[in-house]
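The values are calculated or read from the model by the stated rules, or taken from the named source; none is laboratory data. All figures in this text were calculated on a predicted structure; none of them were measured in a lab. Quick reminder, even Gly has a Cβ in these numbers, built from the backbone with ideal geometry, and neighbours come from all protein chains shown. What goes into the accessible areas is simple: the full protein's heavy atoms, side chains included, and nothing from ligands, DNA or RNA. Shrake-Rupley method; radii C 1.70, N 1.55, O 1.52, S 1.80 Å.
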Amino acid sequence: MTVTLQGIPASPGVAIGPVYIIEPTTISQHPSPELCANSPEVEWQHFTKALEQAKEQVTVLRDKTQAELGTEKAEIFASHLSILRDPEFLAEIKKKITEEHKNAVMAAKETGDLFIELLRQVQDELFMGRIHDIEDIVHRLVQNIQGDELGTLHLQQPSIVAAKDLTPSETASLDRAMVLAFITEGGSALSHSSILARSLGIPAVVGLGPLPDLHEGSSIIVDGITGTVIINPQADILSEYEQKRSAYIEEQSLIRHYAGKPSVTRDGVPIEIAANIGSLQDLDGVLTNGADGIGLFRTEFMFMDRPSMPSEDEQFEVYKFVLQRMKGKPVVIRTLDVGGDKQIPYIELEQEANPFLGVRAIRLCLQKEALFRTQIRALLRASSFGKLRILLPMVATLEELRAAKKIIAEETTNFKQSGISISDSWELGVMIEIPSAALLANHFAQEVDFFSVGTNDLTQYTMAADRMNRSLTYLHQGLAPAVLQLIELAAKAARAHDIWIGVCGELAGDPELFPLFIGLGITELSMGPASIPRIRSRLAQITLHEASQWASQASAMESSEAIHTYMTGVFHES
Amino acid sequence: MNRKTYTIINPTGFHTRPARLFVDTANEQFPDCQVTVIKGDKVINGKSLLHMLTLGVKYQEQVTLEISGDEEDKAQEVLGAFFEAIHHE
């Protein structure tokens, strides 16, 4: 009978195969008599011997993980070592042995439980994920005290491992050639076992709850993308998942192939394929997918959900962190882009009938000058730590740009006078997202270093259609010719004044439409990190010449529908 | 004894990695210092990773670092820097 279970997707990928069940190793609740030594001194000796053994084992595991998966993953076992030396942990165990006359096993187990309970009270997933690490350490100590062999798997054929739980140590020791995937009853996506599974590339679903009676060797599907597990699947389901598995493998090989490749057209024209990010957590995806830079760093996250404004120092640390992690690759940081649709307790915002047409982004920053100056100072200070590009959102007039530039110039002078070093080579750009800016691009281009087109807002403001309004989605589909013509104006102005222009809206990562931007002379595309490998592979198939022909055809078309049909067609011919 | 209060700016809080670095540095570089970390009404041993983790220091929370012993000023500077920084995952 087919059984479908839903768990937490912990490591992506699809696996199909026979199941191998790991029985939980038991910790003797009633330790054998020889362990119930009467003398606490002897028990403490048992314990310290097991402790030294554990330190050696974990050191080996840390070095192995470091060699295979790098320093970041080895950190897991560095923290285990730190716990094995933890004065409070050891003092508690010693107390239980010497004062409460517990044997070494019970003392270790009860001390582990004590700290696990305290961690539960933190009520934060990230900290609660460490519960498994304590269990892992206690498990290891108990096995050492009892003199048990540490369990290794002896799989006869490639299998899907099912367990109540897997400790980080067990996960790190899994044989990649034999373990197709693993599923566990407990666990969370943030537990160290899940983190290790992701870096080992082993699909995993955790937190499934009690597993039904499984027979060794039963056929099973693990979908680590959605968290679905299917036991004894029927033929049609099986073939559906076989397709899904191939698609996933193909996508992964695309990522591996293109992650480190330069972004160039077939005729060798370099294009910068960059990533959009909205938080520091997004940086991992940026690096895995091999982005050429960050084309849009939205700074709003730093300002939301908090009672007071982030200080200059805090902002400086965040900007510096991103610039340093990108190691000299360009980072476009957009200044604060909020308005009356967001509640920010420390910024007084008037209720507005149309917040998207109201005091937002640069308009707000110029009204709340102290807020803007703080952000600018933090950015200028960070400028010497990488390749910084500052982007001003929602600029409609040259007066707004000049007002912002005046503030930036004043802050620069202040820094120079006080001897604080700031880079001379950072760049300033404006977003092209209001039709006015596109129409005045010739003027703007003389006063900035670059343009960045926000296709979502440019469409919203060109069509006068709220993009949150579901009955107006037809006005937001694809690339409208009117929007394309506005982008063309901006691109021409950029070329005439020898500045660069990029696109950071959703359409930059559209596999059919992006060539139109290349055809207009746009040299930077910024998108969700996951889209980068696909766009890079498609870029390698087209030439600048054909892209410009497509662009001039498309901008003369009457509807976004027509442009879409045309571009889907040419792509398949080429 | 010296004492200073910090606000955590690391977006994911003061989790395992920074806590481990903090604790290991405290133990290795300042063996003769007593290191105490205070959050609200909780007072813990800053040389214990388990104590640091159970303190559960999150983004935007304030912690006070109290240090006494040899080189306590240097320890405050070195260890305090962990609270003021942004850390890799």
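Observations on the model:
- Looking across A:Asp175, A:Asp223, A:Asp213, one residue alone is free of Cβ contacts under 8 Å to residues at least 24 places away in the same chain, over 24 Å from A:Lys64 (Cβ atoms), outside the structural domain of A:Thr71 (by the TED database) and not hydroxyl-bearing (Ser, Thr, Tyr). It is A:Asp213.
- Considering only residues in region B:43-89 that are surrounded by fewer than 19 Cβ atoms within 10 Å (Cβ to Cβ) and on the phi > 0 side of the Ramachandran plot, the one that is nearest to the other protein chains (Cβ to nearest Cβ) turns out to be B:Gln60.
- Top-ranked residue in region A:510-545 [being surrounded by fewer than 23 Cβ atoms within 10 Å (Cβ to Cβ) and among the basic types (Lys, Arg); ranked as farthest from A:Ser279 (Cα to Cα)]: A:Arg538
- Considering region B:1-10, the residues that are crowded, with 17+ Cβ neighbours inside 10 Å and more than 8 Å from chain A (Cβ to nearest Cβ) include one that is modelled with the highest pLDDT, namely B:Tyr6.
- Residue within region A:136-151 that is within 14 Å of another protein chain (Cβ to nearest Cβ) and among the charged types (D, E, K, R) present: yes
- Residue in region A:76-84 that is more than 14 Å from every other protein chain (Cβ to nearest Cβ), open to solvent by less than 70 Å² (accessible area, probe 1.4 Å) and either on the phi < 0 side of the Ramachandran plot or in contact (Cβ under 8 Å) with a residue 12 or more places away in the chain (or both) present: no
- A:Val331 being away from chain B (no Cβ under 14 Å) and either of a type outside the set (D, E, K, R) or crowded, with 20+ Cβ neighbours inside 10 Å (or both): yes
- Criterion (of a type in the set (Ser, Thr, Tyr), within 14 Å of chain B (Cβ to nearest Cβ) and closer than 25 Å to A:Ile518 by Cβ) met by exactly one of A:Thr288, A:Thr299: A:Thr288
- Qualifying residue in region B:11-26 (condition: closer than 30 Å to A:Phe316 by Cβ, hydroxyl-bearing (Ser, Thr, Tyr) and facing chain A (nearest Cβ under 8 Å)): yes
- A single member of A:Ser548, A:Ser555 is among the hydroxyl-bearing types (Ser, Thr, Tyr), open to solvent by less than 60 Å² (accessible area, probe 1.4 Å), free of Cβ contacts under 8 Å to residues at least 40 places away in the same chain and assigned by the TED database to the domain that holds A:Phe450, and it is A:Ser548.
- Filter pass, A:Leu479 being more than 28 Å from A:Leu388 (Cβ to Cβ) and assigned to a loop (DSSP other than H, G, I, E, B): yes
- For region A:102-136, the set of residues classified as at pLDDT 90 or above, open to solvent by 70 Å² or more (accessible area, probe 1.4 Å) and more than 15 Å from B:His51 (Cβ to Cβ) consists of A:Asp113, A:Arg120, A:Glu135, listed by residue number.
- Selection status of A:Met431, touching a Gly at 6+ places or on another chain (Cβ under 7 Å) and surrounded by 15 or more Cβ atoms within 10 Å (Cβ to Cβ): yes
- Among the criteria (1) over 17 Å from A:Val503 (Cα atoms); (2) out of contact with any Phe, Trp or Tyr (no Cβ under 7 Å at 6 or more places or on another chain), the one A:Asp449 does not fulfil is (1).
- Number of positions in region A:295-321 that are in contact with a helix residue (DSSP H, G or I) (Cβ under 7 Å, 6 or more places away or on another chain) and of a type in the set (A, V, I, L, M): 3
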